[in-house]
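Below is one structure, written out as structure tokens, with a few remarks after it.
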Amino acid sequence: MHMPLQDNLGLNLLAANEQQASHNREHFDQWRLLCLNIMSSPGAGKTSLLERSLAQLSGDLAMAVLEGDMTTQLDADRLGALGIPVVPITTGRCCHLDAGMVSGGLKLLCQRLDPAKLDLLWVENVGNLVCPAEFEVGEHLKVALLSVTEGDDKPLKYPVMFREADCVLITKIDLLPYLPVDVDRIEAHIHQVNPRCTVLRLSASSGEGFKAWHQWLWQQLAKHQGPLPLANPMPSPALTTAQG
Amino acid sequence: MHEVDMTRALLRSLETWKQGHAPQLPRVGSVHLEVGSFTCVEPDQLQFSWNAAIRDTWLSGARLLIVTVPLLGRCLGCMATYSPQAEQGYRSPCCSHPMEEIIHGRELRIRSVDYDLSTPSP
Ligand SMILES: Nc1nc2c(ncn2[C@@H]2O[C@H](COP(=O)(O)OP(=O)(O)O)[C@@H](O)[C@H]2O)c(=O)[nH]1
Ligand SMILES: [Mg+2]
Ligand SMILES: [Zn+2]
Ligand SMILES: [Zn+2]
């Protein structure tokens with residue numbers, strides 16, 4: 001008979017990843033930059049969001065992108081055309097980014113620029129509504145996208161993602177006139193699993209809703225690093241928070 | 001595929017723990033996990049990919065024992081606890097309040113390991 005002996009670990013299953021994520025975040029804080037983890041199912045509009053936001057914000061903010069969802073070279077070209085550094089992250093066949101992959105991307109980024117000069121780092125995660133929610137990469141804020149074409153039950157089907165998000169963007173609202181979908185219901189479902197998160201509606205095609213989205217971003221930047229020495233001052237902060 | 005990544009992350013965490021531990025670890029007979037039902041982990045699939053992942057490693061032969069922790073919320077309307085259900089949109093049955101406070105169900109915890117001292121460590 002063997003004599004069983006036990007060790008209590010009380011360790012997070014993802015402890016190794018969390019350790020690396022904290023390490024990444026220490027760097028971000030040292031560089032005084034805000035890191036956003038952008039997540040959604042494939043095709044919900046992450047790259048399109050980045051395209052428009054980068055174009056509109058590049059005059060005021062120094063930014064870079066870690067791209068974990070490079071489906072085609074076209075995506076790289078779309079973002080690269082804006083003159084903002086984009087570092088592709090190779091995920092192998094992994095269905096999410098983890099902190100180690102992002103750390104690898106950061107090393108490449110640091111070869112190209114001085115990260116302390118950055119204000120904002122965007123991480124475009126792999127298109128997947130499941131595990132990216134559990135794998136921290138060192139981000140300060142999680143932004144989840146849900147397009148109006150995906151149906152209003154997604155927040156209840158993938159509740160962990162929407163629970164973890166700090167901000168949910170309902171995307172492609174330019175398509176609403178053509179779809180039998182109730183956008184208020186989508187928003188209500190998001191708030192049922194995450195009553196405190198900010199929910200915003202926008203369209204990367206028409207640009208509708210980007211003012212409120214960028215206002216939210218400016219607020220987060222101000223909270224994170226205090227007032228920034230900006231070329232153009234921040235637009236007057238008409239507070240836009242979650243309703244309901 | 002998702003659970004394979006999850007298992008890999010679990011093995012990495014155990015590996016990190018092992019490195020910070022006495023150099024000579026007895027053979028691990030079983031690993032006890034607590035997995036909340038409000039997480040992205042499916043215990044059955046984790047179990048399945050575990051057996052493949054530990055083959056020919058220091059954990060070879062170790063059993064994975066998973067305890068599922070149900071989701072429990074607290075209604076901030078009346079402070080009663082309730083089991084949020086997807087079919088009810090996670091709202092409380094008493095006040096139809098959204099799911100605000102989660103008491104448990106988000107656990108992803110390696111609780112403990114049992115050593116098997118009857119066989120020499122690998
Ligand atoms: N109509 C419409 N289409 C959009 C919008 N945003 C993205 N798309 C389209 O949706 C598809 C996927 O977008 P993309 O940004 O690559 O999604 P990602 O996979 O999440 O990065 C592309 O064909 C885009 O042109 C939008 O606001 N309105
Ligand atoms: Mg993309
Ligand atoms: Zn994954
Ligand atoms: Zn109640």
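Side notes on the structure shown:
- Inter-site label distance for B:I102 and B:S83 at 7 Å from Cα along Cβ, in nm: 1.7 nm
- The sum of -39500 (n - 2.57) across all DSSP H runs of n ≥ 4, divided by the residue count of chain B, sets its helix-only mean residue ellipticity at 222 nm to -7500 deg cm²/dmol.
- When you filter the trypsin sites (Lys or Arg not before Pro) in the stretch B:22-104 for DSSP loop state and at most 10 other Cβ atoms inside 10 Å of their Cβ, you are left with B:R55.
- Within chain A, helix-based [θ] at 222 nm, where runs of 4 or more DSSP H residues each add -39,500 (n - 2.57), nearest 500: -11000 deg cm²/dmol
- Within the stretch B:1-109, DSSP assigns beta bridges of which about 50% are antiparallel (rounded to the nearest 5).
- Area accessible to solvent at B:T57, 1.4 Å probe radius, in Å²: 50 Å²
- Solvent-free Debye scattering, log10 I(q)/I(0), computed from the Cα coordinates of the stretch A:96-145 at q = 0.13, 0.18, 0.31, 0.32 Å⁻¹: -0.33, -0.62, -1.34, -1.38
- Largest to smallest principal axis extent of the C-alpha atoms in the stretch A:16-220, angstrom: 48, 37, 33
- Helix B:2-19 axis versus longest C-alpha principal axis of chain B: approximately 60°, rounded to the nearest ten.
- Count Lys and Arg as plus one, Asp and Glu as minus one, and take only other residues whose Cβ is under 13 Å from that of A:D174; the net charge is then +2.
- Accessible area expressed per residue, chain A, with surrounding protein chains retained (probe 1.4 Å, Å²): 43 Å²
- Percentage of interatomic Cα-Cα distances in chain B larger than 22 Å: 46 percent
- Formal net charge of residues neighbouring B:P93 (Cβ-Cβ distance under 15 Å; K, R +1; D, E -1): 0
- Contact-buried residues of the stretch A:94-135, at a threshold of 10 Å² lost accessible area versus the chain by itself: A:C94, A:C95, A:H96, A:D98, A:V130, A:C131, A:E134, A:F135 (1.4 Å probe; DNA, RNA and ligands ignored).
- Shielding by partners - mean other protein chain Cβ count within 10 Å, residues of B:103-110: 3
- Nearest 10 degrees, 0 to 90: helix B:43-53 Cα axis against chain B principal axis: 20 degrees
- Total lysine pairs whose alpha carbons fall under 24 Å of each other in the stretch A:16-220 (8 or more apart, or interchain): 16
- Peptide-level mean, for B:111-117, of C-beta atoms on other protein chains within 10 Å: 5
- For A:S147, residues with placed amide H under 5 Å, excluding near neighbours: A:T171
- Shielding by partners - mean other protein chain Cβ count within 10 Å, residues of B:36-42: 4
- The spread of Cα positions in the protein assembly as shown, taken along each principal axis and listed from longest to shortest, comes to 73, 56, 37 Å.
- Secondary structure note: in the protein assembly as shown, about 35% of the DSSP beta bridges are antiparallel.
- Here B:K18 is the anchor, and no lysines lie within straight C-alpha reach of less than 25 Å, apart from those fewer than 8 places off in the same chain.
- For chain A, no complete DSSP H run has alpha carbons reaching 30 Å or more along its own long axis together with a mean Kyte-Doolittle score of 1.6 or higher.
- Of the residues A:Q30, B:A53, A:M101, the one whose Cα sits farthest towards the positive end of the charge dipole of the protein assembly as shown is A:Q30 (charges of +1 on Lys and Arg Cβ, -1 on Asp and Glu Cβ, taken about the Cα centre).
The values are calculated or read from the model by the stated rules, or taken from the named source; none is laboratory data. The structure presented is a predicted model; accordingly, all values stated were derived computationally and were not measured. A quick note on method: Cβ atoms are made from the backbone with ideal geometry, for glycine too, and the neighbour counts reach across all protein chains shown. Note: accessible area is taken over every heavy atom of the protein model, side chains too, but ligands, DNA and RNA are not part of it. Shrake-Rupley method; radii C 1.70, N 1.55, O 1.52, S 1.80 Å.
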